[in-house]
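The values are calculated or read from the model by the stated rules, or taken from the named source; none is laboratory data. Every value quoted in this text rests on a predicted model; they were computed, and no experiment measured them. We place every Cβ from the backbone using ideal geometry, glycine too, and count neighbours over all the protein chains shown. For the accessible areas, the whole protein counts, side chains as well, though only heavy atoms, and no ligand, DNA or RNA atoms are used. Shrake-Rupley method; radii C 1.70, N 1.55, O 1.52, S 1.80 Å.
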Amino acid sequence: MLRIIFLLSLLFALSNASVNDFCVANLKKAETPSGYPCIRPIHVKPKDFVFSLGTPGNTTNIINAAVTPGFVAQYPALNGLGISTARLDLAPKGVIPMHTHPGASEVLFVLDGSITAGFISSSANTVYVQTLKAGQIMVFPQGLLHFQINAGKSNAAAFVTFSSANPGLQILDFALFANNLPTDLVVGTTFLDPVTVKKLKSVLGGTG
């Protein structure tokens, strides 16, 4: 009986979700596994559906790049829609290091400059690399390691969209060298020498 009640409740919740046109997040409430509670439609304004990514990010850092997110926390109208967005800014020599999004595929649209981007397949470690100009797009399948590098001598910018409200992020360099994983384990699993590992840990703030 309890199982039947649970299933009916789930179906009712899903039916409600399917008939709602939108669910602008009420960020004052706690987030749940299905997202944030909705602001009552009577209180939703046209401006709630608008978000700006027009301001370049601060690229004065170790990677000479910046990522400005447009996730639910910044753009509440995305709540429940299963998408998110961000802006990438890359100064000359700027790089978004090798990373992965476990929860989403990504589409990159180059706005200004030129960007060399690529990903590595999981089946045969095949590398797919392309230098993109303004107006071109490239897709990065979910979960695969990928990167972006400024390919020019001037600033480059791009917009990215994700097929999930929470794409997740793991940067390979930081995962290896920005934590307390012992140096001998990093050496043993990467075939790098101890001097190089310690140097990278020092640069990225790791210990061990």
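Restricting attention to segment 128-144, report how many residues are open to solvent by 60 Å² or more (accessible area, probe 1.4 Å) and under 19 Å from Q170 (Cα atoms). Residues that pass the stated criteria total 2.
Results for (1) touching a helix residue (DSSP H, G or I) at 6+ places or on another chain (Cβ under 8 Å); (2) touching a residue at least 12 places away in the same chain (Cβ under 8 Å); (3) buried (at least 16 other Cβ atoms within 10 Å of the Cβ); (4) over 21 Å from P141 (Cα atoms), shown as yes or no for each residue.
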| site | (1), (2), (3), (4) |
| --- | --- |
| S164 | no, yes, yes, no |
| G168 | no, yes, no, no |
| L172 | no, yes, no, no |
| F177 | yes, yes, yes, yes |
| P182 | no, yes, no, yes |
| T189 | no, no, no, yes |
| D193 | yes, no, no, yes |
| K201 | yes, yes, yes, yes |
| T207 | yes, yes, no, yes |
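Does any residue of segment 64-72 turn out to be more than 25 Å from K153 (Cα to Cα) and in contact with a helix residue (DSSP H, G or I) (Cβ under 6 Å, 6 or more places away or on another chain)? Yes, segment 64-72 has at least one match.
Of all residues in segment 68-85, those satisfying the criterion of being assigned to a loop (DSSP other than H, G, I, E, B), open to solvent by less than 50 Å² (accessible area, probe 1.4 Å) and within 25 Å of N58 (Cβ to Cβ) are V72, Y75.
Apart from one condition, F147 fits all of (1) in contact with a His (Cβ under 9 Å, 6 or more places away or on another chain); (2) open to solvent by 60 Å² or more (accessible area, probe 1.4 Å); the exception is (2).
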